[in-house]
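Here's the structure we're looking at; comments come further down.
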Amino acid sequence: MSDQATTAPVDPALPNATLANAGGRALVQEPRSALYYAGRRFLRQRLAMIGLVIVIILMIAGFGAPLLAPTNYADANLMDANQFPSHSHWMGTDTIGHDFLSRVMYGTRTSLIVGFAAVIVACLIGIPLGMLAGMKGGLADFLVMRLVEIMTAFPGLLFAIFLMTIFGAGVDKIILVIGLTSWVTLCRLMRAQLFTLREQEYVQAARAMGATELSIAVRHLLPNAIAPVIVAITLAIPTAIFAEAGLSFLGVGINEPTPSLGKMVADSAPYVRVYWHLGLFPTVAIALIMLGFSFIGDGLRDALDPRQN
Amino acid sequence: MSTESSHPLKPVSSLGETRLDRRTLMKSAAAGTSLFLMSMGLPAGTTLAAQSTGELPADAAPKEEQVFRIASDPSIAKTMNFYEAVYQRPGVADLFSESLVRLTKDFEIVPGAALKWSSSKDGKTWTFELDPDIVWSDGNPLTAKDYVRTFQYAADPEHAWDFTWFWSGDIVNFTEATEGKAKLEEIGVKQGANPHELIFEMVNPAPYLAAKLLYSWPISDAALTKYGAFYNSKPETSVTCGPFKLDKWTLDQEIVMSKWDGYKGKLNIPFQTIINKFAAPAQSYTIYDAGEIDYMSDPAPAELKLMEADPSKKGEIFQGVADFACLYFFFDVTKAPFDNLKVRQAFSHVIDRDTMQKQIWGRQAKPAPSFLAPGFPASDTEGLKDIQKFDPDLGKQLLSEAGFPDGKGFPKLTMTVRGGGTPVEVATTQAYGAALKQYLNIDCELQTIDRQAFYADLNAKPTKILFGWVSYGMDYFDPSNMLGVWLTGGRHSWSNPAYDKKVKEATTFLGPAAQRIKMFQDAERILVSDVPAVFAYFITTIQFMKPYVKGDALTADKNGIAAIHFPGFSTADTVLEGLYVTKDAPKGRS
Amino acid sequence: MGRYLIGRLLSLIFVLFAVSLIAFMLMHAVPGGPFAPDEKGRLPEATRVAQMKKYGLDKPIYVQYVRYIWHAVHLDFGVPFQSPTETVTGLIARTWPVTIKIGVPTIILAYTVGTALGLIAALRQNSIIDYVVSFTATLGIVLPNFVVAMWLILFFSVYLGWLEPGGWGKPQNYIMPVLAYSLAPMALVARYTRSCVLEVMRADYVRTARAKGLAENRVLFWHIGRNALIPLITILLPEIPNILTGSIFIESVFRIPGLGRFFVTSTQQRDYPMILALVLLIAAFWGITYIITDVLYTVLDPRIRIGGSAVRT
């Protein structure tokens, strides 16, 4: 688990060099039409579409839970505990009498929130640092890269457990901790992109025309570097969700009564040989989230690859 | 990592970590009385369990098949010696030396290494006569010197023993020695007129002393000097005066011990080999089911259900009471809103123990309307059951009177729970959190923190936990032990002079036993009425034993409880005398 | 190249110091100490103070740190608080080989099967086979390995009764842990092999090779086969420190006496010497792996140069 729990795997299909080379060439084109083609390519891919549909359904189920779920996630009636799936409780009830369908829906919401928010945190740290290193080079680059190395070298699981023990459990804390441990990939990617791009002719031209470094960064570099970063972000979301599951399994996750899929899987372990539904449904929900985002990520990668026109 | 009960003895635990085994219920205070009389120096019982003849029953397997296998948590296996590290011994630690006394399954104190004992008139000076036959495997006799050295080691500030509280304020100069204010030689454990006479000098009259000396496994003076405190962690340096010797200790995998033929103590144990395998607690049922171990305790709820559902396995299930642990929700009564008695009372009326029993606990726990479990001396669950009874309407009304009608204006609440709890603990805390919402409309978040952090925060003065979940189990069979945890300056911030006075008076009271019990009962009534805690359940531990292990230890005690008794599998009890492997056992178990 | 390597090694030493400092600070920020928690809540203050002294925690933090580093530089990592009968070095020497024995077959299985699946999927892009492989590969990534491990035991041990439900020492003890442990990296490798091969098939030099009339099979074999090594390096190599340092989930479920457990128990039990040793071990392992990755990457992919304006980091 240490592998998946806390370190976002470097995505090699975005080998910084190859993609950057290719991207540089393609991006001389008009951005809008490139996006347009990418969009069309994305829609043409069956798996990506399946992924998109899965994610949309899960988002409706999760974020729509306050409207759609049979009960609130905190409502429990001990008298109704330990029921198997039935007409009145489609996914049964858990050990203290929560309606399990409601728990799974709200748990999906928690997992999605953790996934999105942790990646936003990672972006907020990783992208500016990567841009700084890639644009400025020199000392800034040196410092950022040492920081990246330190973060990479520190055992992610240990780091996460430490921080969770210091901060205490909770949705906000786990978002912060996962964000803090997963920005490195994005940072490296951004930096590598900029390294290539900043020497491109049109950037040189802009610079010659007197544009400031900031405006070059925002107007020229960021839009052109963003494609592989978007792919990486898409794939970072399920990784973050997985990390939450792993930490919850170790008991340093999210506080009751807020449900999380990872915690539900962990809590089900002592019951699962009799009450199979307690393990099955949250596991399937996690798998679907992972599946959806992975398919979308793969699709985006293919779609954003300009050689696929 | 995690312990269900706070009891330091883990021998019976299958899963090492913590789950302890529990033992028999006693319905009357008679046990307390007999214990009390015995500890007053009356002729100590010679009521050792039967089977002491050395003959195996007719259906017993041959000697080489008398192998018994249990499992414990690999992360709790530092040492075999209690006086080295109480909380870090594996399941089979206490078989390498002789405790001064033993506990029978009827909770009577009987001779162990001490043949008899007596006290001075004032109850402060106690003399124990050691069995002169007992020797260590290095050839030295077991003498008072070993015990004296053991207690000095316990008090040594350089050793910083994790259980010094046990003798602090009890044995003369013990506290002073732990503080470095008295020399180790000055503590009140000394050799008497001859090497086989051991004297304890107590600060106060100590009618409970013999019971408390259950925890008196000596360290070998010679081995401690020669090899250091971990001499029992390797066969090469291991020294025993108990019934077993260490054959092999493969770290993280298993401990193998076999009967030591030089043993001169009185325990007569049919098992020839005991194997302690290491497995995470969550795995013990899997390996029990696969036939890799013969005994386990504290299964997960589903595992118990699987066993109960299988007619061929029903006979393998035993229900005991272990260390009479009580699990409870506690408040920091010095802080708002729990400085208000009405708030605390409101909380105490919304715990639906009967439904919890039905839906969560099953046979693994019993409702605890008070602190002392049935069977423990001075227990009064019947008399106290209405004080914290389930009555949500009364709870609502009290909360309203306290200024929070329908929970309005009640501060955001966090319940702090220790990590690594059993499934029963997890479900109970979650259900109570939900009940607070359901009946009192109070939002309560459950914060689980790891045990190191939990106990650091709980024990901080002032405590850092406003509202939390914890347990307390006995160390010796006397009410002073359990009730002592609620004394001012103890574990919790609750402080009640009337309670303190009652408990302290009763503890050192040398008069009639019944009167002493009554004093403790009065104290418990004060405790339960002032609601420093909402008491939830008493553990009634579930044990699985393979059908080919039989014996007197698994038959009902005088209160009808048939299960492995506390402490279990050590020289401080008689459990191992009453167990043997029958001919039905698979051959070649290892 | 030589200068580059020296630079990287110096940087690694800096990283080791930084990592140990961070670990030290985090460790001491966590509440609770390395002694058994006082579960009875009755431990006298004097003993608490004595315990701090016994473990050297009464000194100011910087003194503790300098003292630790001084010993560490001399390769003395102390005694693990959770297992005081051995040294930290001894504990690692005892448990790490066990973890490696599980890890190496895991890596081999993950790579061989993963590559094969990825290749097949790529050569049959958008066919049923592709979808099946992609789907299965994704399953390997989407199922937490603690779930996989539990299922394996239920199926092979409880239901079929073919395998012991864990343990250590017999050849059959390897089967389930390696299976459970290799699923995720196998899936990663399969996915990346697939996308790398697809990319290579579209690349100019392959098109050129084809245009020059080289036989299809030779093109595939030479260029694609060579490029199939890339995922090994970019994906699997960085996973190697993870795999070879073990997983608490796998090791505790299957009762493997390896190193993985200590990443969790050391923090739980506040075993400071062990935490620091593990952090340093992992950091060094990572650092070296990354250096090897970069060097191999240059060797295998002519488009990347090391030393100059290195694109990779």
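The table that follows gives values for the structure above.
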| quantity | calculated |
| --- | --- |
| Distance (nanometres) between label positions extended 7 Å along Cα→Cβ at C:Leu296 and B:Ser400 | 7.3 nm |
| Sequence-separation-based contact order of chain C, relative, with Cα cut under 8 Å and 6+ spacing, percent | 27 percent |
| Normalised alpha carbon radius of gyration of region B:164-243 [divisor 2.2 N^0.38 Å] | 1.26 |
| Selection from B:Pro157, B:Leu466, B:Ile275, by position along the positive dipole direction of chain B (Cβ) | B:Leu466 |
| Sites B:Leu510 and B:Lys181, calculated FRET efficiency, Cβ-Cβ separation with R0 30 Å, nearest 0.05 | 0.55 |
| Sequence-separation-based contact order of region B:55-104, relative, with Cα cut under 8 Å and 6+ spacing, percent | 25 percent |
| Surrounding net charge for B:Phe390, when Lys and Arg each add one and Asp and Glu each subtract one, Cβ distance under 14 Å | 0 |
| Calculated [θ] (222 nm, deg cm²/dmol) that DSSP helices of n ≥ 4 give over chain C, each run adding -39,500 (n - 2.57) | -21000 deg cm²/dmol |
| About the Cα centre, charge dipole magnitude for chain A (Lys/Arg +1, Asp/Glu -1 at Cβ), debye | 880 debye |
| Zone of A:Asp172's modelled label, taken as backbone nitrogen in region A:231-258 under 18 Å from a point 7 Å along Cα→Cβ | A:253-258 |
| FRET efficiency, 1/(1 + (r/R0)^6) with R0 35 Å, evaluated for B:Ser118 and B:Asp393 via beta carbons | 0.05 |
| Top positive-direction residue, dipole computed over region A:34-308 with Cβ charges, set A:Ser111, A:Phe167, A:Leu180 | A:Leu180 |
| HN-Hα J in Hz across region B:450-455 - Karplus 6.51, -1.76, 1.60, θ = phi - 60°, x for Gly and Pro | 5, 5, 4, 5, 4, 6 |
| Sequence-distant residues sharing a close amide H with B:Asp73 (under 5 Å, placed H) | B:Gly16, B:Glu17, B:Ala279 |
| Pairwise centroid distance, computed over Cα atoms, of region A:250-309 with region C:1-49, Å | 33 Å |
| Extension gain from C:Phe135 to C:Asp76, taking 0.36 nm per residue of separation minus the Cα-Cα distance | 16.4 nm |
| Amide N of region C:184-204 lying under 13 Å from the label point, which is placed 7 angstrom from the Cα of A:Met49 along Cα→Cβ | none |
| Net charge, B:Lys464 excluded, C-beta distance under 15 Å - Lys, Arg +1, Asp, Glu -1 | +1 |
| Nearest-20 debye value, region A:162-286 charge dipole, Cβ charges on Lys, Arg, Asp, Glu | 160 debye |
| Mean separation of Cα contacts under 8 Å (6+ apart) over length of region A:34-308, as relative contact order % | 29 percent |
| Local net charge near A:Leu214, Cβ-Cβ under 15 Å (Lys/Arg +1, Asp/Glu -1) | +3 |
| Cα centroid separation - region A:88-163 against region B:347-375, whole Å | 40 Å |
| 3J(HN,Hα) from dihedral phi, region A:223-231, Karplus parametrisation 6.51/-1.76/1.60, rounded to Hz, x for glycine, proline | x, 7, 8, 6, 3, x, 5, 4, 4 |
| Per-residue ³J(HN,Hα) for region A:114-129, Karplus 6.51 cos²θ - 1.76 cosθ + 1.60, θ = phi - 60°, Hz, x for Gly and Pro | 4, x, 5, 5, 5, 6, 4, 4, 4, 5, 4, 8, x, 6, x, 5 |
| Cα-based helix-to-principal-axis angle, A:156-167 vs chain A, degrees rounded to 10 | 70 degrees |
| Tensor-based shape of chain C (alpha-carbon gyration tensor, a/c under 1.5 rounded, otherwise prolate or oblate) | oblate |
| Helix runs (DSSP H) in chain C reaching 20 Å along axis by Cα, Kyte-Doolittle at least -0.5 | C:2-29, C:88-123, C:128-142, C:175-202, C:272-300 |
| Distant-in-sequence amide H partners of B:Asn496 (H built 1.01 Å from N, under 5 Å) | B:Thr488 |
| C-alpha long axis of helix B:30-39 to longest principal axis of chain B, angle in ° | 50 degrees |
| At R0 = 51 Å, FRET efficiency that the Cβ-Cβ distance of B:Glu308 and C:Ile13 yields, to 0.05 | 0.25 |
| √(5λ) per eigenvalue of the Cα gyration tensor, the protein assembly as shown, largest first, Å | 58, 32, 29 |
| C:Leu123 paired with C:Ala93, simple spin-label distance in nm, labels 7 Å along Cα-to-beta-carbon | 4.9 nm |
| Among A:Ile127, C:Pro97, A:Met151 the positive-end extreme of the charge dipole of the protein assembly as shown (Cβ point charges) | A:Ile127 |
| Charge dipole (debye, nearest 20) of chain B; +1 at Cβ of Lys and Arg, -1 at Cβ of Asp and Glu | 640 debye |
| Cα→Cβ-extended label distance, 7 Å offset, between C:Met52 and C:Ile108, nm | 5.3 nm |
| Using alpha-carbon coordinates, inclination of helix B:144-155 to the longest axis of chain B, degrees | 30 degrees |
| For region B:435-513 versus region B:519-590, the gap between their alpha-carbon centres in whole angstrom | 24 Å |
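Throughout, read-outs are computed from the coordinates displayed, never taken from laboratory work. All figures in this text were calculated on a predicted structure; none of them were measured in a lab. Cβ coordinates were reconstructed from backbone atoms using ideal geometry, including for glycine residues, and neighbour counts include every protein chain displayed.
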